[in-house]
Amino acid sequence: MINQEEYDKKAKSYKMLLWFGMISIVMMFAGFTSAYVISKSRPDWLDDFQMPSAFLFSTIVIILSSFTFHFAVKSVKHSNPKKASSMLWLTLLLAIVFIILQFVGFGQVIDSGLYFTGTESTITTSFLYIVIIVHLAHLVGGIVSLLIVIYNNSKQKYTAAQPVGIELSATFWHFLGVLWLYLFLFFSFYN
């Protein structure tokens, strides 16, 4: 292990890089939602679009996964890698459930006669499709990070004094959860 002073310097620079990345992602989704607002005047806009129930359930699941990840970090800081491991695996399970529910939500949209692309699509559903797919792409990055954290935790690379890897992954995970909550509320209430 490296000395604590060097570790703290590296941790600070990693955290700064993560924040720059998250700010970039926020700017991208701000652009998407701004374009969505501007597109409301189009003739193919759906004024009565309702978010499918699967998206509500996926929102609950991603919020729960933030709690399990938080408890994993807390367990590392209390020198309990076994509990951290179980919380990390539970977070991964919830991430998989979230993704499944996203596709169930897509199916519910299609079952209601609305399509994401093609001649039968609308601007409303096309935006929903693009935004969710881009969010899922970022979530895949979060899952890769989570898998690395699970591996590193199994090798006991995190300690109460040096938890930066799990903290960075958890910060990104919480960010993805907050971002999804924003998107869900935006699409639910902005019609």
Legend entry - Scope the stretch 24-69; condition β-branched (V, I, T), farther than 14 Å from L181 by Cα and in contact (Cβ under 8 Å) with a residue 60 or more places away in the chain; matching residues: I25, V37
Legend entry - V26 being under 23 Å from H138 (Cα atoms) and in contact with a Pro (Cβ under 8 Å, 6 or more places away or on another chain): no
Legend entry - Exclusive hit being in contact with a helix residue (DSSP H, G or I) (Cβ under 7 Å, 6 or more places away or on another chain), part of a helix (DSSP H, G or I) and modelled with pLDDT of 90 or more, set S13, S65: S65
Inset, instruction - Mind listing whichever residues of the stretch 20-48 are of a type in the set (F, W, Y), under 17 Å from the mean Cα position of the chain (by Cα) and surrounded by 14 or more Cβ atoms within 10 Å (Cβ to Cβ)? - result: F29, F32
Inset, instruction - Could you tell me which residue of the stretch 49-60 is surrounded by the fewest Cβ atoms within 10 Å (Cβ to Cβ), considering only residues that are in a helix (DSSP H, G or I) and more than 15 Å from the chain's Cα centre (by Cα)? - result: S53
Inset, instruction - Check whether at least one residue in the stretch 1-10 is of a type outside the set (S, T, Y), in a helix (DSSP H, G or I), under 18 Å from A170 (Cα atoms) and touching a residue at least 12 places away in the same chain (Cβ under 8 Å), and report yes or no. - result: yes
Legend entry - Any pair with Cβ under 6 angstrom, 6 or more apart, that starts in the stretch 84-111 at a residue that is in contact (Cβ under 8 Å) with a residue 40 or more places away in the chain and ends at one that is assigned to a helix (DSSP H, G or I) and among the aromatic types (F, W, Y): T91/F69; L101/F57; G105/F55
Inset, instruction - Return only the number of the condition from (1) surrounded by 16 or more Cβ atoms within 10 Å (Cβ to Cβ); (2) at pLDDT 95 or above; (3) of a type in the set (F, W, Y) that F106 does not satisfy. - result: (2)
Inset, instruction - Scan the stretch 90-98 and give yes if some residue there is modelled with pLDDT of 90 or more and within 20 Å of Q50 (Cα to Cα), otherwise no. - result: yes
Inset, instruction - Check L128, L114, L136 and return the single one that is modelled with pLDDT under 95, closer than 17 Å to F172 by Cα and either surrounded by fewer than 21 Cβ atoms within 10 Å (Cβ to Cβ) or not basic (K, R) (or both). - result: L136
Inset, instruction - Mind counting the residues in the stretch 134-177 that are among the polar types (S, T, N, Q), assigned to a helix (DSSP H, G or I) and touching a Ser or Thr at 6+ places or on another chain (Cβ under 8 Å)? - result: 4
Legend entry - Flag if V131 is aliphatic (A, V, I, L, M), assigned to a helix (DSSP H, G or I), without any contact (Cβ under 8 Å) to a residue 40 or more places away in the chain and in contact with a helix residue (DSSP H, G or I) (Cβ under 9 Å, 6 or more places away or on another chain): no
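The values are calculated or read from the model by the stated rules, or taken from the named source; none is laboratory data. Just so we're clear, the structure is a prediction, and the values are computed from it rather than from any experiment. Please note: Cβ atoms are built from the backbone with ideal geometry, for glycine as well, and neighbour counts cover all protein chains shown.
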